[in-house]
Amino acid sequence: MEQFDFQNQKVLIRVDFNVPLNKALEITDDTRIQAALPTIKYILEKGGAVILMSHLGRPLKKLNDDGSINRARFTLNHVVPRLSEHLGQAVAFVGDTVGTAVNEAVAALNAGDVLVLENTRFYKEEGKGDADFAKQLADLADFYVNDAFGTAHRAHASTTTVAQFFDTDHKSFGFLLEKELLNAAKVTNEPARPLTSIVGGAKVSDKILLLDKMIEFVDNLVIGGGMAYTFKKAQGGQIGNSLCENDKLDLALSLLEKAKARGVNVYLPEDSIIADQFSPTANTDTAASNEIRADYMGLDIGPKAIEAFKTVILDSKTIVWNGPMGVFEMEAFATGTKSIAESVAAATKKGAFSLIGGGDSVAAVKMMKLDDQVSYVSTGGGAMLELLEGKELPGVKAIKG
Ligand code: AMP
């Protein structure tokens, strides 16, 4: 992008403005808007006019009762005041994504202007990667810049198809997307070792590919969260009412065998905080993770597991973390996740590179205000997972050509 001359040029930027909104339709977290600012500001400073497009939520999955789009809920106009505040300048909005009104608004743009288009997902063509729709978007601008890392794993019209209408001298990654790729590469491409992957969260089935891929290149694999109990049961443990995917027991064993064959150290939680119901006010106890009473369930890793995981983390030079260690949304079961976040921050202080790979582990690190004490917090859960799984993201491939 820094090689292009943007002076008096129109630049179409795919950003990820899919921000969370509360019931009053106010933005509750504008991290994604802030993350897009460096690219937008850079192009404005270089004399370009900026056309921004993004999705917001899933409007076609949540239609009004009469089948129409709930424009009030899903309009991208919600982000305009906040963006304008951050940029310190007026930002125009047009209530459509393609068509006459958009063409007119774009024609009126001068160098230094910013225009936000309506939610790309108001059109079913977006999700289908439709070429005609993408061409209408492409025709708006001289350059295309993709800075929407969070949707780079989707082959949608605005993230992927649109790029085919620009040659390599007129399309680029934005700074955010570039930063995400560079940070992922620090894990996947000749990382400093020992390399430790911490995987948690609810289900094994969501992270089979991640686990499988990680085993091929990590030194240590730390498994926590609900998914750990499928492994414990597969090893013959008693896990009570803990989360378990009975159809994944064989898979769990084969992952453990693969890890052993490759010399990867696998750490499962030796003990757990157990509860008699899935509730913040449940009766709780500590138990060995393979001896959980029939009427109890494991909802967090226990003190011995915390200590063991901490030792591995503090000895690591590269750490990648995806998924919480327990039901961290409930205070009673947040200790494991908090302790792991602290250990990752401590290892980082000692010089390790740490990547928090999206989703709930990002929420946990932010909740503890440790986000500035780790090396990199990814803005895209699914996209980062796919990168770490070794896949090429369609949005990335479309720019590289
Ligand atoms: P994921 O989206 O797969 O990363 O899963 C995150 C969710 O897993 C969070 O909402 C956690 O509450 C949940 N989770 C973590 N540990 C457990 C557990 N031991 N039992 C049930 N749910 C869990």
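The values are calculated or read from the model by the stated rules, or taken from the named source; none is laboratory data. Small disclaimer: the values here were computed from a predicted structure and weren't measured. All Cβ positions, glycine included, derive from the backbone under ideal geometry; neighbour counts span all protein chains shown. Just so you know, the surface numbers come from the protein's heavy atoms only, side chains and all, with ligands and any DNA or RNA stripped out. Shrake-Rupley method; radii C 1.70, N 1.55, O 1.52, S 1.80 Å.
For the set 300, 250, 65, 96, solvent exposure ranked by accessible area (probe 1.4 Å, protein chains only) runs largest to smallest as 65, 250, 96, 300.
If you sort 143, 217, 93 by accessible surface, 1.4 Å probe, largest first, the order is 93, 217, 143. Remark on the stretch 78-191: hydrodynamic radius 15.6 angstrom, per the Kirkwood mean of 1/r across alpha carbon pairs.
Can you tell me the convex hull volume per residue for the stretch 10-173, based on C-alpha atoms, in Å³ to the nearest whole number?
107 Å³
Calculated over the chain, the projected area of the Cα convex hull averaged across directions stands at 20.9 nm². Secondary-structure-derived ellipticity at 222 nm for the chain, considering helices only, amounts to -10000 deg cm²/dmol, per-run term -39500 (n - 2.57) for DSSP H runs with n ≥ 4.
Full extension of the chain between residue 192 and residue 65 yields a length gain of 40.3 nm, computed as 0.36 nm times the residue separation minus the alpha carbon distance. Measure off 7 Å from each Cα along the Cα-to-Cβ vector at residue 131 and residue 349, then give the distance between these two points in nanometres to one decimal. Taking the two extended label points, one gets 5.7 nm.
In the chain, the longest principal axis of the Cα atoms and the axis of helix 175-188 are about 30 degrees apart.
Taking 27 Å as the limit for the C-alpha separation, the pairs 203/391; 186/369; 349/397 exceed it in the case of 349/397.
Ignoring ligands, DNA and RNA, what percent of the 1.4 Å accessible area of the stretch 10-173 is carbon and sulfur?
Values: 3110 of 6860 Å².
For the stretch 10-173, the apolar C and S fraction of the accessible surface comes to 45 percent.
Only lysine pairs 8 or more places apart or on separate chains count here, and in the stretch 1-93 those with Cα atoms under 21 Å apart total 4. Taking 10 °C and 1.306 mPa s as conditions, the stretch 182-388 diffuses translationally at an estimated 96 µm²/s according to Stokes-Einstein applied to its Kirkwood radius (Cα pairs).
Per atom type, the stretch 182-388 shows carbon and sulfur on 48% of its accessible surface, probed at 1.4 Å. Per residue, the accessible area of the chain comes to 43 Å², computed with a 1.4 Å probe over protein heavy atoms only.
When only DSSP loop residues count, what trypsin sites (Lys or Arg not before Pro) in the stretch 21-99 have their Cβ near at most 11 other Cβ atoms within 10 Å?
Working: sites: 23, 32, 41, 46, 61, 62, 71, 73, 82; in loops: 23, 46, 62.
Qualifying residues, ordered by number: 23, 62.
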